[in-house]
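S.K.: Next up is a structure, given as structure tokens.
Since every read-out is calculated from the coordinates, none of them should be taken as a lab result. None of these values were measured; they are calculated from a predicted model. Here the Cβ is made from the backbone with ideal geometry for all residues, glycine too, and neighbour counts use every protein chain on show.
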Amino acid sequence: MKARHPFLGLVARRLLGALPLILGVTFLTFLLVTYFAPDPIWELAGRNPTAAELTELQSQIEQSQSWPARYFNYLMALSRFDLGHSLISGESVSGMLGRSVPVTLALMLPGLFIGGLIALCAGYLAARTEGQALDRLISSLSALGMSVSLVIFVMLCQLVFSVWLGWFPARGWSTESLYDWLLHVSVPTLIVVLANLGYNVRFFRSMWLEAITQPAVRSARAFGLPEWRILTYRLLPWACGPILTRLCFSVPMLLLSGSLVIESYFGIPGVGRVFYNAILSGDQPVILGVVIVASVVLILALTLVESLAQWVDPRQQRQ
Amino acid sequence: MRPRFEVMTGALLLLAVLVGCGAESQPLESPKKVYRHVLDGAPASLDPAQANSTYARLLVPAIFDTLYRYKYLARPYELTPGLALDFPVVSGDGLTYEIELDPRARFSDSPVFEGGRGRAVTARDVAWSIARHFDPATRSGASWLWRDRIIGLERIVNAESGTPMPPDSFDIDGLEVVDANTLRIHLRKPFPTLLHTLATAQSAVVPYEAVLAFGPEFGVRPVGSGPFRLIEFDETRALLVKNENFDRGVVDLAAEGFDPAQHAEFGVQAIDGKSYPFIDRLEVQFIAQAGARWNSFRSRQGADIVMLPPELAGQVLSKLQPLTFNQETVADYHALATPEAGFVYYGINLANQAIGNHPEPERQVKNRELRCALGQSLNWQARADQFYHGIGEHFPGVIPPMLPSWDPALQPQSFDPERAKARWQAAGWTLDSLPHLIYGHQAGVQQGQHFEMLRANLIAAGYPPERIQQRVYPTFADLLRGINAGEVDVFLMGWTMAYPDAQYNLQLFYGPNAAPGVNSSRYQNARFDRTFEHALGLPDQAERVALYRALNQQIVDDCVIMGSMVRTRIHLWKRHVRMVPDREIVGGFFLPFVDVDLSAQQ
């Protein structure tokens with residue numbers, strides 16, 4: 001088995017090894033949410049509750065049970081893939097995630113990839129011209145980009161493209177057609193690109209600087225190979241690992257926090273808003289659901305990254 | 001190089017064609033009349049049983065029917081029949097209300113009904129919708145509206161907790177279903193404000209089938225008999241379309257309180273004599289950020305209305321006294337300023353003997369004098385300037401000027417830190433004996449600024465700064481928990497009325513409502529409680545008004561709170577929308593009367 005499908009075997013071993021990690025995540029999250037999240041009772045109780053009604057509510061949401069019993073019940077439900085229902089709205093958590101996660105991905109991934117691509121190129125240019133005017137210009141612009149708040153980018157782009165020019169809607173979300181999606185995703189994508197460009201350029205510049213000082217690259221230059229061949233056959237394979245790691249780590253982070261500001265300002269029903277509202281109201285099933293799904297995605301992403309890195313660079317497998 | 005260029009060109013052309021196709025298909029699907037409303041927060045649930053927020057109270061009446069509602073334009077607010085055919089027939093002793101339903105009322109079409117067609121609304125639906133508030137499975141936040149009022153509700157015990165109580169199994173003495181269209185409500189004692197409670201969003205009528213079918217998700221998949229039908233609901237917006245089963249005849253604008261001098265400029269006369277609702281599609285956007293709300297309003301396809309955030313008031317107002325909008329605003333938009341149906345005040349924890357109730361009469365008086373002195377040290381005009389674009393109205397007690405029982409003779413204390421200092425000193429307090437005060441507030445910049453202003457006012461009145469501390473709570477729900485646990489001594493509260501009767505505000509000090517109920521100050525006064533109960537049973541007449549005023553005077557004399565202030569709401573809306581917006585008492589009841597002038601829009 002191992003010899004015939006080494007890739008699948010590796011993935012299976014990694015996923016199996018992730019189970020204790022996921023269990024640990026549920027334990028810690030459940031502990032933190034139980035003792036430190038806002039008490040949802042006060043969201044549910046209405047304006048004029050009696051002490052008896054509060055007690056009844058506590059009993060209904062299992063607050064009257066012991067912590068181990070609640071955690072055990074939660075694990076049992078989780079084993080049936082039952083994430084429960086939101087305490088506040090009553091909607092099923094899996095339904096909330098099912099409708100909001102694809103929106104966040106459709107919203108953020110274009111900006112992530114386009115921004116990553118631009119940053120890769122800009123970082124490469126800066127690294128190739130280290131210390132020269134172009135490098136200084138790119139580094140200065142990236143420092144400027146890092147120092148501007150995301151909210152400023154949001155307000156500015158909304159004002160320019162939606163209010164002054166009127167080219168794009170100021171808020172809303174639709175994927176009914178490609179046109180609709182482009183209409184609603186363009187300004188947020190621009191913002192994601194602008195907001196992350198500074199950080200990404202600095203990261204990729206450092207990465208390229210390290211890459212171009214590799215002995216293999218120096219040897220290739222000594223042989224007089226053309227620049228595009230060095231880039232294609234030496235630099236890119238070397239850089240695939242860091243690039244994939246950075247990209248794959250971004251996706252689960254998006255699920256937890258990355259898109260909150262953009263979703264809020266543009267009225268986009270993504271998972272950032274779902275998570276934020278759940279934290280504010282102490283909606284424990286939703287908080288747990290988002291964290292666990294993000295953890296699973298992170299583990300899957302890590303497995304994918306390591307497997308892909310080995311596929312791209314077989315030396316890692318040997319190591 | 002050349003093939004790559006061709007591939008790129010081809011891809012771009014394909015993209016352009018796709019984009020073009022999308023652009024072509026867009027107008028064909030667009031409904032004719034669309035109104036885009038905007039709220040500064042989102043309701044978590046649209047189940048009437050959980051309609052405790054301002055946001056839910058706007059949306060719930062658009063989806064559901066209530067027996068009574070408030071007239072669209074009449075001010076002061078007046079009740080009018082909604083789902084009920086007429087006002088009730090009330091027995092001589094005021095204990096029985098017989099209400100006949102409008103036979104035209106039908107629930108909107110939904111798969112939960114037989115054949116997917118909405119059925120007629122019956123008296124049993126109304127009775128069940130009230131009774132379910134007392135079923136623990138409902139987790140209602142509104143049972144207090146009828147607690148100890150309607151006979152038999154307290155007996156409801158649902159054996160199968162977690163599932164809704166079946167409609168044919170309950171037999172409540174106080175909710176007598178006479179026939180399909182007639183309901184008789186039997187009260188334990190006279191309760192003239194019952195009709196107001198039957199106009200609240202929480203009293204809306206729900207079909208049992210939908211509650212059973214959707215279970216806990218009924219709050220996000222509501223089915224009602226109101227003017228609109230919900231088709232989409234999430235954290236960012238609610239999308240509704242006209243309920244084709246809704247038929248309540250035509251608009252009688254005069255009966256709705258139309259006054260040409262006040263309302264003609266908004267074009268609402270165009271809806272007179274026509275059947276409603278007028279818009280095909282209602283989109284309610286939830287935008288918490290003031291800047292984003294403003295941008296959405298000013299963009300071409302954004303919101304049609306905005307409630308102006310205080311920080312932007314300077315852009316639309318040319319004068320504060322009297323309130324005047326600048327020329328650009330008037331030229332571009334309709335504008336309206338109205339007082340909120342509520343107020344803000346500083347509550348005091350009277351359970352803390354250091355500043356509140358005390359068993360020793362002398363200390364009781366001394367504490368009261370200190371509270372009064374603190375109240376006198378607050379600069380409400382500065383609060384209005386800083387936080388409420390300078391147009392808040394300070395008034396004493398809890399009966400604001402918008403209510404008929406407001407007492408014009410009762411004047412607010414003037415801001416006078418020197419007199420405040422003299423007052424606490426005269427009561428025997430010294431710098432060493434003044435109690436430590438903990439001010440609790442929700443985390444946030446503005447909430448922090450409120451604390452700083454309070455502290456500055458108290459320091460100006462001689463209060464030692466080190467004895468004024470803040471405790472910050474991450475959320476409002478946490479603050480409520482802290483208040484009810486007695487963790488804070490002073491707190492800023494906003495109170496929004498669900499119906500325009502002073503009883504709704506005075507209940508904040510009714511002894512049996514003490515925390516965890518709405519009496520967060522834990523005010524205990526047997527005389528106040530007796531008078532409050534007596535006033536509750538009186539019909540709406542001079543005697544009740546006099547009692548309300550006496551109760552309000554009692555609150556002021558005992559310095560139970562430091563307050564209060566009514567804020568002014570400024571609404572701007574686009575000129576092609578014909579309406580008079582109201583997010584206060586009328587709330588969502590104004591939405592069926594909104595009309596869009598398509599020619600003006602184009």
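S.K.: Helix A:178-212: angle to the longest alpha-carbon principal axis of chain A, degrees 0 to 90, nearest 10?
M.R.: Computed tilt is about 50 degrees.
S.K.: Next question, about the same structure. Which of rounded, prolate, oblate describes the range B:342-566, given a ≥ b ≥ c as roots of the alpha-carbon gyration tensor eigenvalues and a/c under 1.5 marking rounded, otherwise prolate only if a/b is larger than b/c? Mind showing how you got there, number by number?
M.R.: On the way: a/c = 1.44, a/b = 1.32, b/c = 1.09.
Rounded shape, in that the Cα axes give a/c under 1.5.
S.K.: Using the count of nearby Cβ atoms within 10 Å as a rough guide to exposure, how do B:Glu100, B:Glu232, B:Glu487 rank from fewest to most? Walk me through the intermediate numbers first.
M.R.: Working: B:Glu100 18, B:Glu232 12, B:Glu487 15.
So the residues, fewest neighbours to most, are B:Glu232, B:Glu487, B:Glu100.
S.K.: If you count, for every residue in A:166-174, the Cβ atoms of partner chains within 10 Å of its Cβ, what is the mean? If you can, show how the numbers build up before the last one.
M.R.: On the way: counts 5, 1, 2, 5, 14, 14, 8, 3, 1.
If you average over the peptide's residues, the count of other-chain Cβ atoms is 6.
S.K.: Could you compute the net charge surrounding B:Arg57? Neighbours are other residues with a C-beta less than 13 Å from the C-beta of B:Arg57; K and R count +1, D and E count -1.
M.R.: Values: positive: A:Arg47, B:Arg69, B:Arg583; negative: B:Asp47, B:Asp582, B:Glu584.
Summing Lys/Arg as +1 and Asp/Glu as -1 gives 0.
S.K.: Quick one: which of B:Lys71/B:Lys574; B:Lys71/B:Lys319; B:Lys32/B:Lys574; B:Lys32/B:Lys71; B:Lys319/B:Lys574; B:Lys366/B:Lys421 span more than 19 angstrom between C-alpha atoms? Don't skip to the answer; put the middle values down first.
M.R.: Details: B:Lys71/B:Lys574 23 Å; B:Lys71/B:Lys319 31 Å; B:Lys32/B:Lys574 17 Å; B:Lys32/B:Lys71 27 Å; B:Lys319/B:Lys574 22 Å; B:Lys366/B:Lys421 14 Å.
The answer is B:Lys71/B:Lys574; B:Lys71/B:Lys319; B:Lys32/B:Lys71; B:Lys319/B:Lys574.
S.K.: How do B:Arg117, B:Arg184 rank when sorted from fewest to most other Cβ atoms within 10 Å of their own Cβ? Please list the in-between numbers first.
M.R.: On the way: B:Arg117 12, B:Arg184 18.
In increasing order of surrounding Cβ atoms, one gets B:Arg117, B:Arg184.
S.K.: Taking beta carbons within 10 Å but only from partner chains, what does the mean come to for residues A:82-91? The partial results should precede the final answer.
M.R.: Values: counts 0, 0, 1, 4, 6, 3, 5, 14, 14, 10.
Partner Cβ neighbours, averaged per residue: 6.
S.K.: Which whole-number percentage describes the relative contact order of chain B, with Cα contacts under 8 Å and a sequence gap of 6 or more?
M.R.: On the way: 1140 pairs, mean separation 111.9, N = 602.
Relative contact order for chain B comes out at 19 percent.
S.K.: Roughly how many debye, to the nearest 20, is the charge dipole of chain B about its Cα centre, given +1 on each Lys and Arg Cβ, -1 on each Asp and Glu Cβ, and no other charges?
M.R.: Values: 56 positive and 68 negative charges, 237 e Å.
Computed about the Cα centre, the dipole is about 1140 debye.
S.K.: Percent relative contact order of the range B:342-566, based on C-alpha pairs within less than 8 angstrom and at least six residues apart? Write out the running numbers ahead of the final one.
M.R.: Details: 367 pairs, mean separation 78.2, N = 225.
In percent, rounded to a whole number, it is 35.
S.K.: So for the range A:93-312, averaging the separation of alpha carbon pairs under 8 Å that are six or more residues apart and normalising by length, what relative contact order in percent results?
M.R.: Numbers: 242 pairs, mean separation 62.2, N = 220.
Computed over the range A:93-312, the figure is 28 percent.
S.K.: Give me Rg/Rg_expected for chain A, where Rg uses Cα atoms only and Rg_expected = 2.2 N^0.38 Å with N residues. Kindly include the intermediate steps, with their values, before the conclusion.
M.R.: Numbers: Rg = 23.9 Å, N = 319, 2.2 N^0.38 = 19.7 Å.
Its radius of gyration relative to the 2.2 N^0.38 Å reference: 1.22.
S.K.: Roughly speaking, what is the centre-to-centre gap between the range B:263-308 and the range A:176-215 when only Cα atoms are used, to the nearest Å?
M.R.: That distance is 37 Å.
S.K.: Can you give the local net charge around B:Pro512? Use residues other than it whose beta-carbon is closer than 15 angstrom to its beta-carbon, Lys and Arg +1, Asp and Glu -1. Spell out each step's value before the answer.
M.R.: Details: positive: A:Arg47, B:Arg147, B:Arg149, B:Arg188, B:Lys189, B:Arg522, B:Arg527, B:Arg530; negative: A:Glu53, B:Asp148, B:Glu154, B:Asp529, B:Glu533.
The answer is +3.
S.K.: What does the convex hull of the alpha-carbon atoms of the range B:203-314 project to on average, in nm²? All intermediate terms of the calculation are to be shown ahead of the outcome.
M.R.: On the way: hull surface 40.3 nm².
Taking a quarter of the hull surface, the average projection is 10.1 nm².
S.K.: Okay, next question. Got a sec? Which residues in the range A:76-90 would a label at A:Arg99 touch, if it sits 7 Å along Cα→Cβ and we count backbone N under 18 Å?
M.R.: A:83-90, by backbone N distance to the label point.
S.K.: Calculate, axis by axis, the spread of Cα positions in the protein assembly as shown along the three principal axes, and write the results as whole Å, longest axis first.
M.R.: Per principal axis, max minus min of the Cα coordinates gives 105, 75, 65 Å.
S.K.: Excluding B:Asn367 itself, what net charge comes from residues whose Cβ is under 11 Å from its Cβ, given Lys and Arg +1 and Asp and Glu -1? The partial results should precede the final answer.
M.R.: Details: positive: B:Arg363, B:Lys366, B:Arg368, B:Arg371; negative: B:Glu360, B:Glu362, B:Glu369, B:Asp558.
My count for the surroundings of B:Asn367 gives 0.
S.K.: Taking Cα centroids, how far is the range A:77-106 from the range B:172-219 in Å?
M.R.: Computed from Cα coordinates, the inter-centre distance equals 32 Å.
S.K.: Across peptide A:155-165, what mean number of C-beta atoms from other chains lies inside 10 Å of a residue's C-beta? The partial results should precede the final answer.
M.R.: Numbers: counts 4, 0, 0, 8, 5, 0, 1, 7, 8, 2, 1.
What the average comes to for A:155-165 is 3.
S.K.: While we're here: Hey, with R₀ at 56 Å, roughly what FRET efficiency would A:Val11 and B:Asp247 work out to, going by the Cβ-Cβ distance, to 0.05?
M.R.: On the way: r = 61 Å, r/R0 = 1.09.
Rounded to the nearest 0.05, the efficiency is 0.35.
S.K.: For B:Met565, A:Met108, A:Met155, what's the fewest-to-most ordering of other Cβ within 10 Å of each Cβ?
M.R.: Ascending Cβ contact count within 10 Å gives the list A:Met155, B:Met565, A:Met108.
S.K.: Which of the helices in chain B, when you take each full DSSP H run, stretch at least 30 Å along the axis at their Cα atoms and have an average Kyte-Doolittle score of 1.0 or higher?
M.R.: Details: long enough: B:2-29 (41 Å, 0.68).
In chain B, no H run is both long and hydrophobic enough.
S.K.: Per residue of chain B, what 222 nm ellipticity follows from adding -39500 (n - 2.57) for every DSSP H run with n ≥ 4, rounded to the nearest 500?
M.R.: -8500 deg cm²/dmol
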